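In what follows, a single structure is set out as structure tokens and then discussed.
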Amino acid sequence: MFSVSTTTTFLLSVLLLCYTAALDNGLGRVPPMGWNSWNGLGCEGLNQGVVTQTAEMIVSLGLKDAGYKYLNLDDCWMSPNRTINGTFQADSRRFPSGMKKLGDYIHSKGLLFGIYSSAGTNTCQGLPGSLNYEEMDARTFAKWGVDLLKYDNCYNQNKSGMDRYPKMRDALNKTGRPIFYSLCQWGEEESWRWARDVGNSYRSTPDIAPTWDSIRWNFLKSQHQISHSVPGSWADPDMMEIGNGNLTLDEEKSHFALWCMTKAPLILGMDLRTISNETLSIISNQQLISVHQNMHAKPATCFIGCSSTNSDFSVYATTVSNGDTVMMLINWNDAILGSDNIHVMGQDVGVVPTPSQSVVVTDLWSNETIGTFDFDTLKSLPIPTLAPHASVVYRLSIVDSFTAKSLAGLQIHNGLAQAPPMGWNSWNKFGCNITERDVRNVVNVLSYSGLSELGYNYVNIDDCWMAPNRTRDGIYQADPDKFPSGMKDLGNYVHSKGLKFGIYTSAGTKTCQGLPGSLGMEFTDASTFADWGVDFLKYDNCYNEKIPGIDRYTKMRDALNATGRPIFYSLCQWGDEDSWRWAPSVGNAWRSTRDISPHWGTIKNNFLQNQQQVHRSQPGAWSDPDMMEVGNGNLTLDESKSHFALWCLAKAPLWLGMDLTTMAAGIRNIIFNKNLIRVNQDAESLPAVCFKGCNEEAAWSVYATRVTGGDTVAIIVNWNETLQRGISLAAYEIGIVPTLDELVKVKDLWTNNVVGMFDFDELKKLPIPAIPPHASLVYRFSTLKLKRGDAIEMGVNREYSVA
């Protein structure tokens, strides 16, 4: 380990470059499409004639034009013996022309050439493997013009995949030829943790079979890893079995749609010489392929029926680049599922049109329009009776009813909240006792202390600002005793300090404190807020008359939009009614939990509940585990630090809730931490997800995210009431796998000190100190490439030599 010291320095004759990616081949920006020999031909059917015929058929059947570019040879292409020089050679009986000429032929057809080996002493069929031959075999593959390597897991000598798979990655990188690297580790050793830095795709499951049970099992197992499937590294539930076995036509269609929706590699596995017209039609469906290849669409996630064992049907959905939503409803049952037993709303998958919009629903199998729906009629989508294992796939397009112009997104269209909001809210500390004087004091502190420069720009007045009665004209008015200058004047003062003015009401007849609410007065109140210069509205859920939230919250959304003033719209529905499904189409933030309190148990519970919804967080709409309690109650300093760090990494809104005029120095240091604020505000990072300790009973947990530039930021939090010693964490468990010519710099984001510089082997056991109760560590991992070049002075405790 490089342990940075201020007392020992030396000149390291290397150039430390910025992190790009450990697997730096530029491939796999969308999932690959192609054909593989194994499922249809196995070992006995593989030969040069079949491969050349297959190449011709991929072209003649129109599959190449549809996007299927890779032609991959699986096991059994190689001779039982290497050459006298130790290099791979083709089985001369099966491939008399050799691999180089075969690759040239495949390339002449405009296709890409894929090959197979194993990260073991032998392949799964007992032929020579690549373990300990990585560099030699990578050079051979590059010489043959190979474009893809499927790297299996047989005969691995019980060596960890973490040692075997990065070696071939490094060997492939060293050739200088871009070769798509497909890891086939069968989902073992929790490879989803580290595969992102190693391969362009990684098998998330054992081998598939041409049965419905196998297809369903592989799909559901892969769904558990889908949050780690990203451009450049895709979760792979194995090659498709369409056209094989005794699958029904409905099962083939569902199989194909599931793989398309979840952006799994689309690797065909049938014998194309015997393909039926029906199967060819399925795999050529351009509507589904366009979803699969969409650069901006994430893998579809589950919205309804998300139990892997008890659900009759499930609904999966994703959003594509123009803002359309694509949803799939699948009947898992072995029996017919009647349409009377299926009730799905467009709102269930986040499609919530405004009064001036309609939704066009298109069937992606028939490419026919099912119908055009408004807000009310969208509450009952037309789902037909489904045969066993059948499915429907619909594309829902929001269009303006007057111009028929498709809109670019599903969130409230106000251009706000591209990063989570930051600011202050009155409730946690002041409650109903808030006054104009208190607010002006907070405004002054925010403006002169430097907090506003860090991003804390919103000043939000919660419940109890309003008078008990509206004016004679039904207009809101401020409580004259608490806010004698009125809201407009106070808003002007907030703006004069370069800050933004936030206010509160409820989507009910009354606020939670019994004051006038906005239910039935949405357009009147929105107009008033815009006239006052309001920049933010927190919209609560009290006294809601049992009217569904989807009806109440959309009305205020539409009212705010009608004013023409951009007003950040924060839904406070307490996580009720599965609001995570539709909230990103309605507000800029949505409460994912009940109210927080200044107790560690509540903070933990709110964080964990919010984690179940963070997959729906996105620029423009953020899940909100409630305002922070940092500096309130009897929280220890460690608890306040963990609280702040958890909210930052989850990309939650950062609402301060203490009295800023009396905050202690320790609290000041927490909320001023620029390192953590940068993570929260990072334009490219996603909310951190759990890598270790991912159940509620865990004594400690690790959450991590990638930020702009490729660095990883991780928090290790001790949930327990006792000191946590002996925490074992390897960097690869959070996806950090450097190459042999890279080091990883680890920086403590609380102290801003460098913990050390580590190589591949040293990263297998990170130095984690004992963590006090409810305390945490937050580390930033930066991968640095070593090259001969400029001398850099570094403080270290031992010398590093460059070969």
For the chain, which whole-number percentage of the solvent-accessible area (1.4 Å probe, protein heavy atoms only) is attributable to carbon and sulfur atoms?
48 percent
Amide H neighbours of V586 under 5 Å, counting only residues 5+ apart in sequence or on other chains, H built in-plane at 1.01 Å?
I412
Run the dipole for region 102-192 about the Cα centre, Lys and Arg Cβ at +1, Asp and Glu Cβ at -1, nothing else charged, and hand back the magnitude in debye, nearest 20.
300 debye
Compute the long axis of helix 637-649 from its Cα atoms, compare it with the longest principal axis of the Cα atoms of the chain, and write down the angle in degrees, 0 to 90, nearest 10.
60 degrees
Cβ neighbours within 10 Å, averaged per peptide: list 368-375, 610-617 in order, most packed at the top.
610-617, 368-375
Compute the distance from the alpha-carbon center of region 283-360 to that of region 119-140, in whole Å.
42 Å
Could you list which residues have their amide H under 5 Å from that of Q573, counting only those 5 or more apart in sequence or on another chain, with H placed in the peptide plane?
R591
Compute the acute angle (0 to 90°) between the alpha-carbon long axis of helix 134-144 and the principal axis of greatest extent of the alpha-carbon atoms of the chain; round to the nearest 10°.
80 degrees
Ordered by packing density, taken as the mean number of other Cβ atoms within 10 Å over each peptide's residues, highest first, how do 420-426, 272-278, 481-487 rank?
420-426, 481-487, 272-278
What is the antiparallel percent of DSSP beta bridges lying wholly in the chain, to the nearest 5?
60 percent
Using alpha carbon centers only, region 570-623 is separated from region 442-473 by a whole-angstrom value of 22 Å
Short version: ³J(HN,Hα) in whole Hz for each residue of region 569-584, in order, from phi by Karplus 6.51 cos²θ - 1.76 cosθ + 1.60 (θ = phi - 60°), x for Gly and Pro, what are they?
10, 10, 7, 10, 9, 6, x, 6, 6, 6, 4, 4, 5, 10, 4, x
Compute the long axis of helix 522-532 from its Cα atoms, compare it with the longest principal axis of the Cα atoms of the chain, and write down the angle in degrees, 0 to 90, nearest 10.
80 degrees
For region 189-245, fraction of C-alpha pairs farther apart than 19 Å, in %:
28 percent
Checked against a 22 Å limit on the C-alpha separation, the offending pairs among K429/K747; K651/K692; K221/K253 are K429/K747
FRET efficiency estimate (nearest 0.05) - Cβ-Cβ, S380 to A664, R0 51 angstrom:
0.40
Return the sequence-ordered ³J(HN,Hα) values of region 175-185 in whole Hz as given by the Karplus equation 6.51 cos²θ - 1.76 cosθ + 1.60 applied to θ = phi - 60°, using x for Gly and Pro.
5, x, 9, x, 10, 4, 10, 9, 7, 10, 9
For every other residue with a beta carbon closer than 12 angstrom to the beta carbon of L111, add +1 if it is Lys or Arg and -1 if Asp or Glu, then tell me the sum.
-1
Starting from the Cα of K745, draw a straight line to each of the aspartates and glutamates and keep only those under 18 Å, dropping any in the same chain fewer than 8 residues away.
D197, D711, E733, D759, D761, E762, E793, E799
On average, how much accessible surface per residue is there in the chain, in Å², for a 1.4 Å probe, leaving out ligands, DNA and RNA?
38 Å²
Computed, not fitted: 222 nm per-residue ellipticity of the chain from DSSP H runs ≥ 4 (each -39500 (n - 2.57)), nearest 500, equal to -7000 deg cm²/dmol
Using θ = phi - 60° and the Karplus curve 6.51 cos²θ - 1.76 cosθ + 1.60, what whole-Hz ³J(HN,Hα) does each residue of region 219-225 get, with Gly and Pro shown as x?
4, 5, 5, 5, 4, 5, 10
In this model, which of K510/K555; K379/K555; K538/K641 are farther than 19 Å apart at the alpha-carbon?
K538/K641
Between K692 and residues 5 or more places away or on another chain, the pairs with built amide H atoms under 5 Å apart involve V702
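The values are calculated or read from the model by the stated rules, or taken from the named source; none is laboratory data. Small disclaimer: the values here were computed from a predicted structure and weren't measured. Glycine gets a Cβ as well: all are built from the backbone with ideal geometry, and neighbour counts include every protein chain shown. Remember, those area values only see protein heavy atoms, side chains included, never the ligands or the DNA or RNA. Shrake-Rupley method; radii C 1.70, N 1.55, O 1.52, S 1.80 Å.
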